């Protein structure tokens, strides 16, 4: 695929599907206290808004999808700059870095810590989801990224 933005959107979306699958399985089985969708909704809704409603979860999905696409585009440019070798490792590092930055450093600026990190299993489920996101996004980006671009 020659278009970096489209490839990034595809890689980010596929990575998000895997991340959500892991996170929602852990949430539905009551291992994790909150899903990523709940946490994303909390970041954009007023304090005290119910998080378990369909509109709130839909908004959480939209926020998460937009972030996944933006980070997917960045992943494509990183693969372009560093090459396809060890894409799986780069993806895991990328996922871990996103988790530290978004969940650890930036998240508490927008989401109350007791909502963002209600318990250890929720934090671990979010970490696993981000690792899976980075892994899948980088593997997709490395698989479909062409070495050269065609200028129009």
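Observations, loosely collected:
- Looking across region 15-33, just one residue is crowded, with 24+ Cβ neighbours inside 10 Å and either modelled with pLDDT under 95 or touching a strand residue (DSSP E or B) at 6+ places or on another chain (Cβ under 7 Å) (or both), and that is 32.
- When region 79-90 is filtered for residues that are surrounded by 15 or more Cβ atoms within 10 Å (Cβ to Cβ) and not in a helix (DSSP H, G or I), only 84 remains.
- Qualifying residue in region 91-114 (condition: outside any helix (DSSP H, G or I) and more than 19 Å from residue 47 (Cα to Cα)): no
- Only listed residue being surrounded by 13 or more Cβ atoms within 10 Å (Cβ to Cβ), touching a helix residue (DSSP H, G or I) at 6+ places or on another chain (Cβ under 9 Å), within 18 Å of residue 144 (Cα to Cα) and at pLDDT 95 or above, chosen from 8, 95: 8
- The single condition among (1) over 17 Å from residue 132 (Cβ atoms); (2) modelled with pLDDT of 95 or more; (3) surrounded by 15 or more Cβ atoms within 10 Å (Cβ to Cβ) that residue 43 does not satisfy is (2).
- Filter pass, residue 15 being in a loop (DSSP other than H, G, I, E, B), in contact with a helix residue (DSSP H, G or I) (Cβ under 7 Å, 6 or more places away or on another chain), closer than 18 Å to residue 125 by Cβ and in contact (Cβ under 8 Å) with a residue 12 or more places away in the chain: no
- Verdict on residue 41 being on the phi < 0 side of the Ramachandran plot, touching a residue at least 12 places away in the same chain (Cβ under 8 Å), part of a helix (DSSP H, G or I) and under 18 Å from the mean Cα position of the chain (by Cα): yes
- Filtering 115, 76 for residues that are more than 19 Å from residue 21 (Cβ to Cβ), at pLDDT below 95 and buried (at least 16 other Cβ atoms within 10 Å of the Cβ) leaves a single hit, 115.
- Matching entry among 34, 67 (being closer than 22 Å to residue 101 by Cβ and either in a helix (DSSP H, G or I) or under 14 Å from the mean Cα position of the chain (by Cα) (or both)): 67
Condition check ((1) without any contact (Cβ under 8 Å) to a residue 24 or more places away in the chain; (2) in contact with a helix residue (DSSP H, G or I) (Cβ under 8 Å, 6 or more places away or on another chain); (3) farther than 30 Å from residue 30 by Cβ) across all residues:
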position	(1), (2), (3)
65	no, yes, no
76	no, yes, yes
86	yes, no, yes
104	yes, no, no
110	no, yes, no
135	no, yes, no
140	no, yes, yes
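The values are calculated or read from the model by the stated rules, or taken from the named source; none is laboratory data. Fair warning: this is a prediction, and the values are worked out from it, not measured in the lab. Because the Cβ atoms are built from the backbone with ideal geometry, glycine has one as well, and the counts that use them run over all protein chains shown.
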